[in-house]
Amino acid sequence: MKNLSLEEFSISNDLDKSQNEFVLAKSNELFERLMNFDWNSTKLRDYSKIYFQKCHVKRLHFSIQCSAYNILMALSKQPGKQISELVYLDYGAGLGTSFMLAQLCGFNSVVYNDYNAEWLEEAKAMCTELNLSPAHFVVGDIVEVSEYCKAHSFAVDIISSRNVIEHLPDLVHYYSYASQLNAGRMVMVDSTSANSYNPLVVLNHYKKHRRIEKQFYFEQRKKFIASHVEGLSEEELSLLSSKCRMVFGDEIIKVAKHYKDTKNLLIKPTHMTNSREPVYGVWYEHILPGGEFCAAAAKSDWNSMVMPGFWDTHYKNVFLNWIGKFLNQVIKLTPIPFGRILAPFMTVVSVKNG
């Protein structure tokens, strides 16, 4: 990969230079493998090919940079440890690049996880063709990961995720079970594009929220309410669906039944646009202050801080690249709170000591 450097990133000064150079070299190697990968001959399903090429290949520099950033940030919080000593978990990995880069870097063991069994099987197939298969594949959420690790008698040293934590139904639940993956020191690096500090990012997410709510969640919620509470008019179903967009499952049913009996609403949204899937409670790009991630983590003895991310500098448009490089330098040279305002994404870095 040409010109991939972490010098433009805002990253810890504790980073070991030799580890930096090693991870960058492996990043270059992964880039070459993926760019030379014959997508036409692969056994992947068509939707997987389309997804990976759209979400990663078209911005492959940035995808691998983000994966390298998470790995290097985690390593900077595990001082004195060699990569070969550490177990790395890519949580909610999907068809990304983090678990592949981690495998290529030679961690003691790499754990691939995703809640979607189809994504997991597609990831297996891709890894087989690229000769980059992690030692462990786990389908499910953090509970299943915890149970798998206990059953196979190993601990996790690093947990990494990209664009996952903004979707999780219950952050306290997530951090609680994650804390059980190692009795000793453990590091979590969770990056999210739902950067609540950057007003332009927030406005963009508001637009996305409204679109998804209108196209999917609103009608799903109406059908969910109608299937559990009979006798409500179309107008009442619409009202309840609108007011219940930030709750799910039994809570929606409770509110709907109370409204049917009393014509009083027990709840109203506390955010202008945030909404979630009605059955399982998965958020759509949850805009949440970084401090709330830290507060949820602290309940399970994690010490967290919210770091600014960085801008892509590999667009075809030279002007956009210039702007990105300028902003990255400003982010790097300014205090973290100001840098978060300028960054396109944020990263919640959490450390737990045994």
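Points worth noting:
- Condition met for SER300 (among the polar types (S, T, N, Q) and under 16 Å from the mean Cα position of the chain (by Cα)): no
- Residue within region 313-322 that is in contact with a strand residue (DSSP E or B) (Cβ under 8 Å, 6 or more places away or on another chain) and either under 25 Å from GLN180 (Cβ atoms) or surrounded by 15 or more Cβ atoms within 10 Å (Cβ to Cβ) (or both) present: no
- Residue within region 86-98 that is without any contact (Cβ under 8 Å) to a residue 24 or more places away in the chain and hydroxyl-bearing (Ser, Thr, Tyr) present: no
- Of the residues making up region 108-130, just one is touching a helix residue (DSSP H, G or I) at 6+ places or on another chain (Cβ under 9 Å), under 18 Å from ILE158 (Cβ atoms) and surrounded by fewer than 24 Cβ atoms within 10 Å (Cβ to Cβ), namely ASN108.
- Residues of region 82-103 satisfying the condition of being β-branched (Val, Ile, Thr) and either assigned to a loop (DSSP other than H, G, I, E, B) or out of contact with any Ser or Thr (no Cβ under 7 Å at 6 or more places or on another chain) (or both): ILE83, THR97
- Count of region 38-65 residues which are in contact (Cβ under 8 Å) with a residue 40 or more places away in the chain and not in a helix (DSSP H, G or I): 5
- The one condition in (1) touching a residue at least 12 places away in the same chain (Cβ under 8 Å); (2) farther than 25 Å from CYS66 by Cα that ARG211 fails to fulfil: (1)
- Residue within region 66-81 that is among the aromatic types (Phe, Trp, Tyr) and assigned to a helix (DSSP H, G or I) present: yes
- Hits in region 290-304 - residues which are touching a residue at least 24 places away in the same chain (Cβ under 8 Å) and either within 18 Å of ILE336 (Cβ to Cβ) or among the aromatic types (Phe, Trp, Tyr) (or both): GLY290, GLU292, PHE293, CYS294, ALA297, TRP302, ASN303, SER304
- In the set (1) crowded, with 19+ Cβ neighbours inside 10 Å; (2) farther than 20 Å from LEU72 by Cα; (3) out of contact with any helix residue (DSSP H, G or I) (no Cβ under 7 Å at 6 or more places or on another chain), the condition left unmet by SER196 is number (3).
- Complete set of residues in region 132-153 that are hydrophobic (A, V, I, L, M, F, W, C) and in contact with a helix residue (DSSP H, G or I) (Cβ under 9 Å, 6 or more places away or on another chain): LEU132, ALA135, PHE137, VAL138, VAL139, ILE142, VAL143, VAL145, CYS149
- Number of positions in region 305-318 that are in contact (Cβ under 8 Å) with a residue 40 or more places away in the chain, not charged (D, E, K, R) and not in a strand (DSSP E or B): 4
Every number in this text was worked out from the coordinates using simple rules, so none of it is lab data. Small disclaimer: the values here were computed from a predicted structure and weren't measured. A quick note on method: Cβ atoms are made from the backbone with ideal geometry, for glycine too, and the neighbour counts reach across all protein chains shown.
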